[in-house]
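A.B. asks: The structure's right below; bear with me while I get my questions together.
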2 protein chains.
Amino acid sequence: MTSKRRSSATHRESSVTLQDIAAHAGVSRSTVSLVLRGSSLVAEPTRLKVQASIKALGYVYNRGAAALRGRRTSTLGVVVYDIANPFFGAMVAGIDNALSREGYVSFLANSEDSPRRQERFLERMREHAVDGILLCPAEGTDPTLIDTLNAWGMPCIQILRHIGETPFDYAGPDFHLGVCQAVDHLVGLGHERIAFLGGHAEHSATRERWEGYCDSLARHGLDYKRLLRATVTRRDGFALIQQLMSEPTPPTAVVCHNDMVAFGAMFGLKRLGLTPGTDCAVIGIDDVEEAELVDPALTSVATHPYAIGEEAARLALRRIHDPKGAPEQVVLSPRLQVRGSCGARLQPRTASAQAASGQMP
Amino acid sequence: MTSKRRSSATHRESSVTLQDIAAHAGVSRSTVSLVLRGSSLVAEPTRLKVQASIKALGYVYNRGAAALRGRRTSTLGVVVYDIANPFFGAMVAGIDNALSREGYVSFLANSEDSPRRQERFLERMREHAVDGILLCPAEGTDPTLIDTLNAWGMPCIQILRHIGETPFDYAGPDFHLGVCQAVDHLVGLGHERIAFLGGHAEHSATRERWEGYCDSLARHGLDYKRLLRATVTRRDGFALIQQLMSEPTPPTAVVCHNDMVAFGAMFGLKRLGLTPGTDCAVIGIDDVEEAELVDPALTSVATHPYAIGEEAARLALRRIHDPKGAPEQVVLSPRLQVRGSCGARLQPRTASAQAASGQMP
DNA sequence: TGCTGTTTTTGGATTGGTCTAAATCTAGAG
DNA sequence: CTCTAGATTTAGACCAATCCAAAAACAGCA
C-alpha cells in the first residue's frame, strides 16, 4: 500500500523550474541560472536569496534541458569487451572514481567482443550526445572506426588495445615491456627454452606481447622459440600446454597471454602429473587477485587496471576541454610479481630486475 | 595530421535537425517526428520520402531534446558496491544484455559501499532524469532511502540486498535456501560441528544467511553453533578460521559468507598445516569462476549473478511501463556446486539433494 | 456535386534551461 | 550635481525535439 505523499509534489513529478525559483526569490530566470552555475557575476546577497529559494522549493536541476542549449552533457560512454573479467571491473572502478570527482557520469556497455554490439552502442551514445567515449575496441573492430568517431567530432580515448593510424589518445600497459620482464626473469633463473602461450587474432595488445617475446629471445640469444596462438581462455591454456609438453623438446617455462591462460596451463600441467614451477615454470599477465590464490601461487606481470582506468578518464576530460590538443598516449609500466609458479623459490638464485625498453607503436 | 572533413559538416557539429529533414523532404517537422518514432499515422509514400532524406542528410536523433518534451530518457542508473568483484561484473553483464535489447542504456556507479557516494550518484541520476534505478544498497544505507526515491517518483529495483519496509521491487538469490543447501550437504557427509564465517554488519543479505544457518542447525538438531561476524574480505576468512581452529572444540566444517571469505579460510587452514576438505570442510557462496581454480577446488553455492542482472533489468522495464503496478520480488534458487573443498571426494557417501523452504522477508 | 467520416498532415505552443546583448544600478571622479 | 566605468540584472531568442488540436486531403455515398 503506497502511502500518500506529503507537501506539494504535484502527483507525477515535482518539476519546479527556474521560473518558479525566480518568482519565489524575486529575481529573473537568468539570475537563477547564473547562481546555479556558480557564476561570479551575481552579488552575494542575491546569491543567498536565490539559494534559499532553491532549497525551499526543492528544486532539481534538469541537465537534459541544460545540455540542449549549452554544449556539455557531463556524460561519457565506456565500452569494454568483458565486464565479467575482474580486470575490467578494476578498470571501470578506476574510471568511475576519476570521473565522479569531476561531476561526470558514465554509460557502460559490454560489447562481448562483438563489433556489431559495439557499433550499436556507439551510435546510441552519439544520440545521447555524450562528451566522449572510452573505448576498449572489440576484437575485429573496423580500423576506420576511430576515423568515423573523429568525423562525428566525438572525442575518443582508446584503452588496452588501439586501432587505426591517426595519432590517437590511448591508455594501457606496456605489454612489450611486461613480456620482457617475464622472459628476463626466467632467463635469470637459468631457463633457455621459453614458450609463449595464447593471444587472439591480431590486435595491438597481442602484437605488442609477441614482439616483446621475440625481442627478448633475440636479446638473450636464445634459439628455442614457440609461440602458440589461440583465443585467451583458460580452456586454451589447458589444451596448449599439454600439446606443448608432449613435443620432443618441451619448454622449461611458459609465458602466458594472460592469467586465465596461465591458470589453464597450470591445470594442464597437473593433469599431466607435472608440478607447475618445478617441472615447468609458468608466468601470467595481469596479476588478477586470484593469482595468489592458486597453488602454487602464480607469478604474473601486474598491469594495474585501476590506474589505467584513472588515466584514461583523465585523458578524456583533458580532450573534452581541449578538443584539438596533441593526442597523448599513457603507457604504464607493469611490474613482475614473483610468486611460486615460476620456481623462484626452488632455485634460490636472485631474480634480476632488469630494465628493458618500452615502446608504443 | 587531421584531414579536412568532406561535405557540409559545419566545422563543429553536423547538427542536422528535424527542420532540415522536413525541408529536404517537403513535409512538416511534425511528420518527420512521427516517422522517426515509427508512428502508423504517416502514409507509406511519405514515410519512404522522409526516410530517404534522413539518410541523405546524415541526421542524428537528439535524445536529449526528445526527453525534454517527452517523458522518457531511455536511460537507467545502476549502483553496485564493488564492481571489481567478478560477481558484480557478471551481474552487470546480465543487466546490460537485457537492457540493450530494449534500446535502453545505463549509467553505472561504484559506491564502494559508501552511502555518501551512493547518494551523490542518485542525486546526479535524478538530475539526468533517468527512467529508473537498479540499486545494490551500500552498507549502512539509510533505510528511508527507498521512501525518498519513491517520493522523487523514481522507480527503483533493489538487488541482492533490500532495505526499508514498504513493498519493493527486488531481485536476488535465496540466501536462506543457499545456506540450508550447504549445511544439509555437510550434515549428509556426517559433519556435526559446522561454523559460519563472516557477514557484514546487518543487512538483509547477511540476515538471510544467518537465519538459514540457524534454521538448518535447529532442523538437524545440532548443538554446535559458531557464527563469527566480520566484514567480507579474504583477509577476514584467513584470520577467522585460524581463531576458530584454535578453540577447544574446533568445527569440522565451515560455511563462508562468500567465496572470498572461503578462499581466505582455505589459506588459513594451509597456514596451520591443515588440509581443506580433509581436516576441515569449506563451502563458499557465489560460485565465482575462480572457485574451481583453487586447490582443492571450492564447493560453493552458485547464485547466478548474470540471471539476477537480467531479472532486475526486466523488473525495471516493467515498473517503468507500469509505475503503479504491484511490486514484484524475484528470488532465484541457488544451486550447490560440489567440489573438493568439502571433502565429498574423501567420504564417498552421497550428498543429499534436500529441499528447504525459501523465504522473502 | 455536396456531405460526411476517415486518414494524413501541419502550425504553433511547450519543455527547461543557456546565451547574448542590452538595461539598470551602483559609486567615485570631475 | 552630472557623468562614466564597472558591477549586476534582465528580456527574449534559442536549443531540438514532442504534443495537441485543428486543417487538409481523400474516400465513399447519396
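A.B. asks: Taking N as the number of residues in chain B, what value does Rg over Cα atoms divided by 2.2 N^0.38 Å take?
C.D. replies: Against the compact-globule rule of thumb, the ratio is 1.28.
A.B. asks: Output the direction-averaged projected area (hull surface divided by four) of the convex hull of the alpha-carbon atoms of region A:49-98, in nm².
C.D. replies: Approximately 5.9 nm², given one-decimal rounding.
A.B. asks: Using a label point 7 angstrom from Cα along Cα-to-C-beta, what distances in nm, from shortest up, separate A:Glu119 from the other copies?
C.D. replies: Values, ascending and in nm: 4.6.
A.B. asks: Shifting gears a bit: If the only charges are +1 at each Lys and Arg Cβ and -1 at each Asp and Glu Cβ, what is the size of the charge dipole of region B:106-206 around the Cα centre, to the nearest 20 debye?
C.D. replies: For this selection, approximately 220 debye.
A.B. asks: Would you please give the FRET efficiency between B:Glu165 and B:Glu102, computed as 1/(1 + (r/R0)^6) with r the Cβ-Cβ distance and R0 = 35 Å, to the nearest 0.05?
C.D. replies: The formula returns an efficiency of 0.70 here.
A.B. asks: Which order results if B:Ile157, A:Ile308 are arranged by neighbouring Cβ count within 10 Å, fewest first?
C.D. replies: Final ranking by Cβ density, sparse to dense: A:Ile308, B:Ile157.
A.B. asks: Identify the residues of region B:249-270 with backbone N under 13 Å of a label point that sits 7 angstrom from the Cα of B:His200 along the Cα-to-Cβ direction, or state none.
C.D. replies: Only B:258 pass the distance filter.
A.B. asks: Pick out, from B:Phe263, B:His321, B:Cys280, the residue whose Cα sits farthest towards the positive end of the charge dipole of region B:256-342, with +1 on the Cβ of Lys and Arg and -1 on the Cβ of Asp and Glu.
C.D. replies: B:His321
A.B. asks: Also, quick follow-up: What's the longest bit of chain A with no exposed GluC sites (Glu not before Pro), using DSSP loop states and at most 13 other Cβ atoms within 10 Å as the test?
C.D. replies: Answer - A:203-361.
A.B. asks: Using alpha-carbon pairs under 8 Å, 6+ residues apart, how would you state the relative contact order of chain B in percent?
C.D. replies: 17
A.B. asks: Hey, if you put +1 on the Cβ of every Lys and Arg and -1 on every Asp and Glu Cβ in the protein assembly as shown, which of A:Asn110, A:Thr252, A:Ala291 ends up farthest toward the positive end of that dipole?
C.D. replies: My answer, from the dipole projection, is A:Asn110.
A.B. asks: In addition: Can you put A:His24, A:His185 in order, fewest other beta carbons within 10 Å first?
C.D. replies: The most exposed by this proxy come first: A:His24, A:His185.
A.B. asks: Ordered shortest first, which distances in nm separate the 7 Å Cα→C-beta label point of A:Ala151 from those of the other copies?
C.D. replies: Those separations, rounded to one decimal, come out as 5.1 nm.
A.B. asks: Let me spell out the model: positive unit charges on the Cβ of Lys and Arg, negative unit charges on the Cβ of Asp and Glu, origin at the Cα centre of chain A. What dipole size does that give, in debye rounded to 20?
C.D. replies: For chain A, the charge dipole is close to 1660 debye.
A.B. asks: log₁₀ I(q)/I(0) of the protein assembly as shown at q = 0.06, 0.09, 0.10 Å⁻¹, via Debye over equal Cα point scatterers, no solvent, to two decimals?
C.D. replies: Rounded to two decimals, the profile gives -0.42, -0.91, -1.08.
A.B. asks: Right, something else. Please report, for B:Pro167, the nm distances (one decimal) from its label point, 7 Å out from Cα along the beta-carbon direction, to the equivalent points in the remaining copies, shortest first.
C.D. replies: 6.3
A.B. asks: Counting Lys and Arg as +1 and Asp and Glu as -1, each charge on the Cβ, what is the dipole of the protein assembly as shown about the Cα centre in debye, to the nearest 20?
C.D. replies: In debye, rounded to 20, the protein assembly as shown gives about 2360.
A.B. asks: Near the amide H of A:Asp169, under 5 Å away, which other amide H atoms are found, from residues 5 or more places off or on another chain, if H is placed in the peptide plane?
C.D. replies: A:Gln158, A:Glu328
A.B. asks: As an exercise, use a Förster radius of 25 Å and the Cβ-Cβ distance of B:His321 and B:Gln51 to find the FRET efficiency, rounded to the nearest 0.05.
C.D. replies: 0.35
A.B. asks: Have a look at region A:18-61 and give its Rg and Dmax from the Cα atoms, expressed in angstrom.
C.D. replies: 8.9, 24
A.B. asks: For A:Ile163, A:Ile283, what ranking results if the residue with the fewest other Cβ atoms within 10 Å of its Cβ goes first?
C.D. replies: The order, fewest Cβ neighbours first, is A:Ile163, A:Ile283.
A.B. asks: Then there's this: Looking at B:Tyr170, B:Leu240, B:Ile194, which one has the Cα that reaches farthest to the positive end of the dipole of chain B (charges on Cβ: Lys, Arg +1; Asp, Glu -1)?
C.D. replies: With unit charges placed on the Cβ atoms, the residue in question is B:Tyr170.
A.B. asks: How fast does region A:35-153 diffuse by Stokes-Einstein, in µm²/s, taking the Kirkwood radius from C-alpha pairs at 10 °C and 1.306 mPa s?
C.D. replies: 95
A.B. asks: Can you pull out the trypsin sites (Lys or Arg not before Pro) in region A:21-72 whose DSSP state is coil and whose Cβ has at most 14 other Cβ atoms within 10 Å?
C.D. replies: Answer by residue number: A:Arg37, A:Arg71, A:Arg72.
A.B. asks: With θ set to phi - 60° and the Karplus curve 6.51 cos²θ - 1.76 cosθ + 1.60, what are the ³J(HN,Hα) couplings of region A:58-63 in order, to the nearest whole Hz, using x for Gly and Pro?
C.D. replies: Along region A:58-63, the couplings run x, 5, 10, 4, 9, 5 Hz.
A.B. asks: Something else: Where the eigenvalues come from the Cα gyration tensor of region A:106-145, what are the semi-axes √(5λ) of the equivalent ellipsoid, largest first, in whole Å?
C.D. replies: 17, 10, 9
Values quoted throughout were computed directly from the atomic coordinates according to the rules given, and no laboratory measurement underlies them. What you are looking at is a predicted structure, and each value in this text was computed from that prediction instead of being measured. Note that we place each Cβ from the backbone using ideal geometry, even for glycine, and neighbour counts take in every protein chain shown.
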